[in-house]
């Protein structure tokens, strides 16, 4: 099996979308220079976190943020997992992750399933119902047990 280097970017996100995107591109470049083959960005890397910000920050895919990721992937010859951005598609808004190959081509796009669900219930309700999977928090990793995983048709 061949080896690869994965960079997981954590970054402060402010109110300026262009500044956030420029910071993400800078981190992709730095990670590539350090030998990373795959660079992952955080959720909502181009906007403040929270669905209340989505209408203001939403953009189509492709759009300015994802174009910058495509160019960064190509310029640095790395895979980029674009965390997520608020995506506007017609009259709908999604929390979407776009993934790019080293040629800058989008090879995957994932719209989070539970955006509307979480807007309807509190975090505590979601956590107690088993819908939340905490993947990482600083240096600790939390993973749900298999018996806690529910199919989307169960809610």
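Taking every alpha-carbon pair under 8 Å whose residues sit at least 6 apart, the range 6-112 reaches a relative contact order of 25 percent.
Here the label points at residue 101 and residue 43, each 7 Å from Cα along the C-beta direction, are separated by 2.9 nm in the simple model. Model label sites at residue 19 and residue 56, defined 7 Å from Cα along the beta-carbon direction, differ in position by 1.3 nm. Working from label points 7 Å from Cα in the Cα-to-Cβ sense, the residue 112 to residue 4 distance is 2.4 nm.
Sorting the Cα pairs of the range 6-112 by distance into bins of 5 Å, from 0 upward, gives 3, 15, 27, 27, 18, 8, 3, 0, 0 percent per bin.
Quick note: the coordinates plus some simple rules give every number you see, no bench work behind them. Model, not experiment: these values are computed from the prediction. Methodologically, a virtual Cβ is constructed for each residue, glycine included, from the backbone with ideal geometry; neighbour enumeration extends over all protein chains shown.
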